[in-house]
Structures are given as structure tokens and as C-alpha cells.
1. When you go through (1) in contact with a helix residue (DSSP H, G or I) (Cβ under 9 Å, 6 or more places away or on another chain); (2) in a loop (DSSP other than H, G, I, E, B); (3) not basic (Lys, Arg) one by one for LEU271, which number turns out not to apply?
2. Of the residues in the stretch 160-207, how many are assigned to a helix (DSSP H, G or I) and out of contact with any helix residue (DSSP H, G or I) (no Cβ under 9 Å at 6 or more places or on another chain)?
3. Working carefully through the options TYR29, TYR42, find the one that is assigned to a strand (DSSP E or B) and in contact with a Phe, Trp or Tyr (Cβ under 9 Å, 6 or more places away or on another chain).
4. Can you tell me which residue in the stretch 153-172 is farthest from the chain's Cα centre (by Cα), limited to those that are surrounded by fewer than 16 Cβ atoms within 10 Å (Cβ to Cβ) and closer than 25 Å to ASP99 by Cα?
5. Being closer than 22 Å to HIS158 by Cβ, modelled with pLDDT of 95 or more and crowded, with 17+ Cβ neighbours inside 10 Å, is that true of even one residue in the stretch 72-88?
6. Of (1) part of a helix (DSSP H, G or I); (2) within 38 Å of the chain's Cα centre (by Cα); (3) surrounded by fewer than 17 Cβ atoms within 10 Å (Cβ to Cβ), TYR24 satisfies all except one. Which?
7. Identify, from the list SER45, SER102, SER65, the residue that is under 23 Å from GLY138 (Cα atoms), of a type in the set (Ser, Thr, Tyr), modelled with pLDDT of 95 or more and open to solvent by less than 50 Å² (accessible area, probe 1.4 Å).
8. Could you grab the pairs with beta carbons closer than 7 Å, sequence gap of 6+ or different chains, first residue in the stretch 172-191 and free of Cβ contacts under 8 Å to residues at least 24 places away in the same chain, second one open to solvent by 30 Å² or more (accessible area, probe 1.4 Å)?
Amino acid sequence: EGILKDVRWLGYEWEERLTYASDYFEKLYEFAEELIKNGKAYVESLNAEEIRKYRGTLTNPGKNSPFRERSIEENLNLFRKMRTGDFEDGTHVLRARIDMSSPNMNLRDPVLYRIRKVSHLRTENKWCIYPLYDFTHGLSDALEGVTHSLCTLEFEDHRPLYDWILNEVSAPCLPRQIEFSRLNLHYTVLSKRKLVKLVDEGYVNGWDDPRMLTLSGLRRRGYPASAIRLFCDRIGISKSENNIDISLLEDCARETLDKTAPRAMAVLRPLKVVITNFPEDQTEEFKPARHPKIPEMGTRNLTFSREIYIDKDDFRENPPPKFFRLSPGNEVRLRYAYVIRCDEVIYKDGKITELRCSYDKETRSGAKAKGRKVKGVIHWVSAKNSVSAKVRLYDRLFSSPFPGRNEPDGNFVKDLNPESIETISNCKVEECILEAKPEEVLQFERIGYFCLDSKVSHHDARVFNRTVTLRDTWAKMEEEQKRKH
């Protein structure tokens, strides 16, 4: 059900109907009997360990089973008894008769059917023998009229068996299997075995954890389906192994969201600012666009008042060179509003708790400050007309581009990024976020794109997940390290 939901979210449907291998169990059984009648399959009575020993190794050929030369009649009789439940699990299997000395291990009389007295999700207790994947794959393709079956490169050694099975039975058509390299991304793992480990051992909070590159995780983080489709279009497909930089996926998200995400201002780490020359009982309204390029989105109400919040990162008491934001005695423009100057810094217990500033009413709505050049522009929200929210800043799940590669035991969890999530409470956001719906993405101006969490948000406690930053901070840090090196 989760897969169906994810595929539909990506924008795809099935043209006719959703199919299952169990739809063809009866026909697959008939194909198995056909192989037996043609002398191409036999019932094996060795146990699993004995079969493994007889199979040989990559350097040594296998040897024939003592049951390989059973007659067609005996094999048919035993196979039919397997179907009727006369034998217990593991006592017999059906094997193809190909070549036990083949250099391809998959052709050394592979197992086609085994006894499993368990209830099936769709057929319930109708069957007690079940076909194995390699037998089912090609025949299901043929029964569905598939022309090309696309697989990842690890199935390349299975192709001769795929073709052999189709050629040895009366298949309605002969599909062609073609292999391509799988998608590998830096700073993450996509192997199901590794993803299961992350979930089962509690390294992440479920399959839809926004740090997971599962479709459900990406959706909850705020990635639009169109960004994933764009990413797939750009990387294309290849026959050679490759590793894609995850920044390409992030760029696709930025490019897509820039065209669709409505804007708002949010202060993640609030620092109170008192505009001393603005009347206490007065407010002023601004109406910036919800999206600069989509007039149909309309405008939003932005209230300016005596007390506002700015982000702590936008103030420096001792600013470094080229710091164009707010500092003592210097000016900065409040986005969509006025130019302000920092006149006084208020401390409590040695920490900055408040800034006292003055504003120039002649600089409203982007007008140039008379006789002054103001380089910096910062975001802000009104103290009275803002909404509190919790924000979760997600970063890459692993600190290494190739998790586990440098570990002697290949233990990829050692490369988990301890700073992959940072939760910030009591952030201040524009009131327009009250209109946001679950999974809707907003651009918090100057910060990044944020998605209203679909699982834990409610009207009284809104939680936003960071989808992606406006700038690739990781790439910037890496470049800085390279330069230092």
C-alpha cells in the first residue's frame, strides 16, 4: 500500500490493472510441468546444505545430484504430490536441469519451486508450493506481453537463466532483459537491507523520516514529485556504475520550488528589537507578494510595529569585514519596510537580550535612504503579529559521501551525521503560515524552503521541516576545506 501511494504521488498510474505474480500461479505450475515433461526439470530430494555442497564454488564446478536422473514419470508424480501437500517443507524442491559445470552459478540446476506451507496474502491456503523469483520473473513478463524488462546490473548474470526458461517452455512471447546501473547518491544509502537496519535499530524515526531518501521521506520533507522527476531526467541512465552528487537532487528541489512555493518570513532564533521612535500604539501594514513571479497568488499582510524580531545571526556586536547586516551604530534595511539603525544594545546576565533602534520613515517600501548607502537587507517579523512554530533543520544523514567505505568492517552506521537534525522551538513566523496545509512548502525568505509536517503539526503546534536551504552550505564548506588544504 505504501508503494502504491508513493507511485501515485510521483504522478503515475497503471494503464490497465495492477498485476501480481500470484495471478499466474496456475499457469506457472503448468510451465513447470512442461519443463519436467521435456526432461528439463527434476525433483530434488537433497536438503539445502547438500544442494549447496553439490553446487560447487566459483573456481570449482558442481557435480550432478544423485536424483538428477529420475524418470519423467517419477518427477511428475513427486511434483504433483508436492502440490497436494504430501511432503513437509524442505523435503523436496524442483530444479532446472541445465549444466552443473557452468561457469555461471545461476545455471547450475537452479531451484524453481519449493514447499512452503504458509498462507499467502492473496491466494490464502490454495498453494503450498511457490515458484522462486528467477522462474517467475521472465514468465510473468511473457504472460503480460512485456517487450523489455529493465533491471539493475546485479541481474546481468541472471539473464542467461531468464532466456533459458523462456526458450524451454511455450511462452507466448520472448521479452528481452536489459540491465542498467542502479541509482547511487553521495551521503546516503539506498540498499533496502541498509534502510531496514536504520529503521529497525532506531537510527531514524521510521520509513518516512525526512532524512531518509525513501519517497515517503522525501515527500514528508517537502520535495515535490516534479523535482524528483526532473532529477531523474537530468541524470539519465547508464550501463556503468556511478555515484551522483546529492547536491544535484537538492538543486532540482530549489529550481522547482522557486517557481511554486509562496513566500513568508520566519525568524528562527529571535532577537527582540525595539523601534524607539515608532509609536507604541501604532502599527503599519505592508502587502508584499506571496510569490514575486505569480501575481495570481496575491499578497499577504505584513504588520510593522514598535517591537519586532530579527534573527540573532543578523546582528554582530563586533562585525567582521564585509558584514553588511546590523551592528552597533550601523544601518540595515528591513525587508519590505524601513531602514533602521542600532543605537543601543541591552544585556542581561552578560547576554544580549534586546536591541534598541531607530527607523527612518522616509525609507518606506524600498525608497533610497537620503544621503546614505545601505547594503544590507534582513528579514523580520512583528512581535505582536507573528505565530510561534517549531522548525526542524534537516541535514544529510551521513557525514561521508560513501557511508561505510572507509570502515574496515563496512559498518556504514559509523558515518551517521550526528548533526543531521536540529530542532528549534519558539521560532517566529508571519501570520500567513496559518493558511498552510500539511505537506505544503513555503520559502522562508533568505533561509530556505520549509514544509509543514504532515504527521505532527496541528493548529496549535505547527512544525516545519526544512526541505532544502537556499544555498548549498555543504558544498561551500567543502570548497573552503579544499582551499585550506
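1. Here LEU271 meets the rest and fails (2).
2. Residues in the stretch 160-207 being assigned to a helix (DSSP H, G or I) and out of contact with any helix residue (DSSP H, G or I) (no Cβ under 9 Å at 6 or more places or on another chain): 7 in total.
3. Only one candidate qualifies: TYR42.
4. SER170
5. For the stretch 72-88, residues closer than 22 Å to HIS158 by Cβ, modelled with pLDDT of 95 or more and crowded, with 17+ Cβ neighbours inside 10 Å: absent.
6. (3)
7. SER102
8. From residues that are free of Cβ contacts under 8 Å to residues at least 24 places away in the same chain, the pairs are LEU190/LEU183; LEU190/ASN184; LEU190/LEU213.
The values are calculated or read from the model by the stated rules, or taken from the named source; none is laboratory data. This one's a predicted model, so the numbers in the text were calculated from it and none came from an experiment. Every residue, glycine among them, receives a Cβ derived from its backbone with ideal geometry; neighbour counts consider all protein chains shown. With ligands, DNA and RNA removed, areas are computed over all heavy atoms of the protein, side chains included. Shrake-Rupley method; radii C 1.70, N 1.55, O 1.52, S 1.80 Å.
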